[in-house]
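Please treat every number below as a calculation from the coordinates, not as lab data. Keep in mind that this is a model prediction, so the values were computed, not measured. Cβ coordinates were reconstructed from backbone atoms using ideal geometry, including for glycine residues, and neighbour counts include every protein chain displayed.
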């Protein structure tokens, strides 16, 4: 998803606005409630610092002169998912489990940028942790927040956001089991018995997809199972899933990133389409085919399969475009097999994305035993569709700003709600396979909505004043 430039974030965080009652005063008594669930925070795509094992060099999260250059051969290969491991026998399942020497060393709490020789940094996820800190939740990753020493009830799950979301859901399962044992031991030391440990998960953006897959299936790769029904296996550990700006049915920004690459800020180097095309997770953020997001200049829907790698190669889109040749060569040095292997990887990643979408979008036979809560914004115009036109015998995509709908600047409200009316004739009432127990609508963009008083007040009320499911 797009990262808002640091200037906009500075303005969003620093603006004072109307005076409010201090949240610490409002929730002073409620924060003493030991019977609340421990909280687990999940970041979204690009939300964790990535480090190269052995050298301990930061490949994502250091945007100063010490950071890598993603446009150099060394830098691109360091930050890329290891697509060079692909061969013609690779499957959608096997590419999801490619391994390299990069690991997530912690949540990306700050974006550090070197501008004209001056180091600037902006908090990204720290605002959420500060809000939880007001409610007495202690996270052991962020050391800049002051807590009472007897709190241990907040944890951050950081993961390699380049990777397949199902494999990260499996890692989430392992993390929750390990953390549940830790909470049980701490409870025992305090003479407190909460019974079976359940968590409230607060998940931003793509993290909400990882958490929702886990809630539906637990730590299992359902694509390898004969029975693909929703089991709600994750509900054994999750009392509430709180999604914040989650693209439950994708986002046009993922199409744009695969097609054009991504410029995260005018002071950062461009992240080429070839680099972003290596990330299995990015394919899994694509909108659904039946949403009919491609139209011609008359507004008529264009029917083609955006999940077809041959279409991308034929029309020279993304990593197959002329200006990407040198970057594609960095990943696949052999001139004879380069395009064949790149195309095979892309198709495998598309197919894996469809497997993930089918698992997420399945209609449950039974009600969800946990609560699912959505925080989203519909205060900003957000890209909803893409123009398609022909030029020199090839199809081109135009991400024109006038094809917009309400959202947070990255995720439309329809995609956050997983509204099944997308791509169909409008009907009354939201129609979604996700059983939301509550929806909170906020002001702000994809990141800054978490800094608003409305978000902070509502999430603390939800976690501290609303009894959890047991």
Exercise for the section: Please give the residues of the stretch 404-445, grouped as numeric ranges, whose backbone N is less than 18 Å from a label point set 7 Å along the Cα-to-Cβ vector of residue 228. Expected result: 433-434
Practice task
Round to a whole angstrom and tell me the spacing of the C-alpha centers of the stretch 243-274 and the stretch 392-470.
Solution key: 17
Problem - Estimated FRET transfer efficiency (residue 25, residue 429; beta-carbon r; R0 35 Å; 0.05) - result: 0.35
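Can you tell me which of 46-57, 327-338 comes out highest on packing, and rank the rest after it, using the mean Cβ neighbours within 10 Å? Could you put the intermediate results ahead of the total?
Working: 46-57: 17.3, 327-338: 15.3.
Ranked from most to least packed, the peptides come out as 46-57, 327-338.
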Problem - Per-pair calculated FRET efficiency, R0 = 35 Å: residue 461 and residue 362 via Cβ, rounded to 0.05 - result: 0.65
Fill in the blank from the handout: Taking the alpha-carbon centre of each part, the distance from the stretch 315-361 to the stretch 176-214 in Å is 37
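Hey, can you rank 32-41, 357-366, 421-430 by average C-beta count inside 10 Å, highest first? Write down the numbers at each step before the final one.
Working: 32-41: 18.6, 357-366: 14.4, 421-430: 11.1.
My ranking of the peptides, most packed first, is 32-41, 357-366, 421-430.
Quick one: order 125, 259, 103 by neighbouring beta-carbon count within 10 Å, fewest to most.
Placing the least packed residue first, the sequence is 103, 259, 125.
Go through 233-239, 178-184 and give me the packing order, highest mean Cβ count within 10 Å leading.
On the way: 233-239: 21.1, 178-184: 14.4.
Per-residue mean Cβ counts within 10 Å order the peptides as 233-239, 178-184.
Fully extended, how many nm does the chain gain between residue 88 and residue 391 (0.36 nm per residue separation, minus their Cα-Cα distance)? Present the calculation step by step, with values, prior to reporting the outcome.
On the way: separation 303, 0.36 × 303 = 109.08 nm, distance 3.20 nm.
Stretched fully, the residue 88-residue 391 segment lengthens by 105.9 nm.
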Exercise for the section: Please work out whether the stretch 175-267 counts as rounded, prolate or oblate from its C-alpha gyration tensor, where a ≥ b ≥ c are the square roots of the eigenvalues and a/c under 1.5 means rounded, while otherwise a/b larger than b/c means prolate and anything else oblate? Expected result: oblate
Fill in the blank from the handout: Over its alpha-carbon atoms, the chain yields an Rg and a Dmax in Å of 22.0, 74
Handout entry: Helix-only mean residue ellipticity at 222 nm for the chain, each DSSP H run of n ≥ 4 adding -39500 (n - 2.57), per residue, nearest 500
Key = -8500 deg cm²/dmol
Exercise for the section: Mind giving me the nanometre distance, one decimal, between the label points for residue 340 and residue 53, set 7 Å out from Cα along Cα→Cβ? Expected result: 3.2
